[in-house]
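> Have a look at this one.
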Amino acid sequence: MFPESILCGSYDFLASADEHWTLEHVRPLFNFDRDGLAPTRAWSSFCEGVTLNERVIRHMRTDFVRSATELRGKVGDQFARKFAEVVVRSSADFLTDNTMAGVVAHFDDELRQAFAHMVEWLLQYNSAPSFAADQWPRWINQYFAERLASMPLPFSRAEAAAMFGWVVSSGEHFPAAVAKYIQTDPYFAESYGVWSELKNRNLAQLYAKPLIDLIAFVLERSNRDGFFSCTEVSELLEQLLPELESEWVEKLLAICEFAAQLHCSEAPSWVERVLQRASELES
């Protein structure tokens, strides 16, 4: 079996060297009609070793839905993350032909979370900001709309939480992204690096109101025992105060209240800062 794994993990190189030979001799190794665990090992090697390109994606896309049906555990997680890379990096449309719907429908909730986390990582840490933002009109807008309409199924709370970073990376589409995201019902078991990304994107000057809405929405749905981003929230509030308008004061005070419930010890001082700024606006 070891030689087969080498071939499957080198699929991109082999296809570039001799596409016809690769389709004839290597591509069938991924067929789930084969006996035993051989197809699972083939996909595991592919997910670990292959660098994606349009040729490779074109060869493999007819098996994506079947793979989502068959692969579970460690290999399922590998495939979910590789499929995220396929969707983000390829110019192909996986929505119109229902490939995306088929894959999502057959993933269990843990694999949908793995897919969402990998998209988040690719957009935040492995893409130029303009490329990440362009994913919203290219496919994320339609994907969100379909999932909000329960096609093929609604977001789970954990899956929706894993998509927080998609919104943070939306660039010029941030207001529309926030409007879609606040229609979900996430639960944030713990805070993580996305808060630093949100702080570093300098969104307050351009999109203060959607940013306030997003912060309040996420804090209200966060686990009080797993929240460790009080410093980032404090810095975000400092960014927002110069942009504050009188009709936003109530929502900003709600943010302070949510933060206090999440054990942010400086929240009372934030209330004072907000009220001080509100007083300045009135005078």
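> Hey, does the range 10-20 have a residue that's more than 24 Å from Phe131 (Cβ to Cβ), touching a Gly at 6+ places or on another chain (Cβ under 7 Å) and modelled with pLDDT of 95 or more?
Within the range 10-20, one or more residues are more than 24 Å from Phe131 (Cβ to Cβ), touching a Gly at 6+ places or on another chain (Cβ under 7 Å) and modelled with pLDDT of 95 or more.
Residues are listed down the side, and each one gets a yes or a no for (1) among the acidic types (Asp, Glu); (2) surrounded by fewer than 20 Cβ atoms within 10 Å (Cβ to Cβ); (3) assigned to a loop (DSSP other than H, G, I, E, B):
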site	(1), (2), (3)
Phe227	no, no, yes
Glu235	yes, yes, no
Ala259	no, no, no
Arg273	no, yes, no
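> Report, by residue number, each residue of the range 46-68 that is closer than 15 Å to Phe30 by Cα, exposed (fewer than 15 other Cβ atoms within 10 Å of the Cβ) and among the hydroxyl-bearing types (Ser, Thr, Tyr). Step through it out loud before you land on a result.
Our first condition is that a residue be closer than 15 Å to Phe30 by Cα; within the range 46-68, this holds for 46-50, 56-68.
With the extra rule that they be exposed (fewer than 15 other Cβ atoms within 10 Å of the Cβ), the set shrinks to 48, 58, 62.
Of everything in the range 46-68, just one residue is closer than 15 Å to Phe30 by Cα, exposed (fewer than 15 other Cβ atoms within 10 Å of the Cβ) and among the hydroxyl-bearing types (Ser, Thr, Tyr), namely Thr62.
> I'd like to check something: does the range 79-88 contain any residue that is acidic (Asp, Glu), in a helix (DSSP H, G or I), at pLDDT 95 or above and more than 25 Å from Gly36 (Cα to Cα)? Let's see the steps before the verdict.
Restricting attention to the range 79-88, the residues satisfying the condition of being acidic (Asp, Glu) are 85.
Filter once more, so that each one left must be in a helix (DSSP H, G or I): 85.
Those left that are additionally at pLDDT 95 or above: 85.
Now narrow it down to the ones that are more than 25 Å from Gly36 (Cα to Cα): 85.
Looking for residues that are acidic (Asp, Glu), in a helix (DSSP H, G or I), at pLDDT 95 or above and more than 25 Å from Gly36 (Cα to Cα), one finds at least one in the range 79-88, hence yes.
> Separate question: Please find, within the range 261-271, the residue that is farthest from the chain's Cα centre (by Cα) out of those that are crowded, with 16+ Cβ neighbours inside 10 Å and in a helix (DSSP H, G or I).
Within the range 261-271, the match that is farthest from the chain's Cα centre (by Cα) is Val271.
> Which residues, taken from the range 106-123, are farther than 12 Å from Val88 by Cα and in contact (Cβ under 8 Å) with a residue 40 or more places away in the chain?
First, pick out the residues of the range 106-123 that are farther than 12 Å from Val88 by Cα: 106-114, 117.
Selection gives His106, Asp109, Leu111, Arg112, Gln113, His117.
> Now for a different question. Can you name the residue in the range 90-101 that is without any contact (Cβ under 8 Å) to a residue 40 or more places away in the chain and surrounded by fewer than 20 Cβ atoms within 10 Å (Cβ to Cβ) and is also nearest to Ala160 (Cα to Cα) among such residues?
Filtering the range 90-101 for residues without any contact (Cβ under 8 Å) to a residue 40 or more places away in the chain gives 90-92, 96-99.
Next, from what is left, pick out any that are surrounded by fewer than 20 Cβ atoms within 10 Å (Cβ to Cβ): 90-92, 96-98.
Values: Ser90: 23, Ser91: 25, Ala92: 24, Thr96: 23, Asp97: 24, Asn98: 21 Å.
Of everything passing the filter in the range 90-101, Asn98 is nearest to Ala160 (Cα to Cα).
> Can you tell which of Ala208, Ala176, Ala216 is within 24 Å of Trp139 (Cα to Cα) and surrounded by 15 or more Cβ atoms within 10 Å (Cβ to Cβ)?
On the way: Ala208 fails: within 24 Å of Trp139 (Cα to Cα); Ala216 fails: within 24 Å of Trp139 (Cα to Cα).
After ruling out the rest, the residue left standing is Ala176.
> Sort out which residues of the range 2-34 are of a type in the set (Ser, Thr, Tyr) and either outside any loop (DSSP other than H, G, I, E, B) or without any contact (Cβ under 8 Å) to a residue 40 or more places away in the chain (or both), and write them in order of number. Even if it seems obvious, please write down each step before you answer.
Let us first name the residues in the range 2-34 that are of a type in the set (Ser, Thr, Tyr), namely 5, 10-11, 16, 22.
Result: Ser5, Tyr11, Ser16, Thr22.
The values are calculated or read from the model by the stated rules, or taken from the named source; none is laboratory data. This one's a predicted model, so the numbers in the text were calculated from it and none came from an experiment. Here the Cβ is made from the backbone with ideal geometry for all residues, glycine too, and neighbour counts use every protein chain on show.
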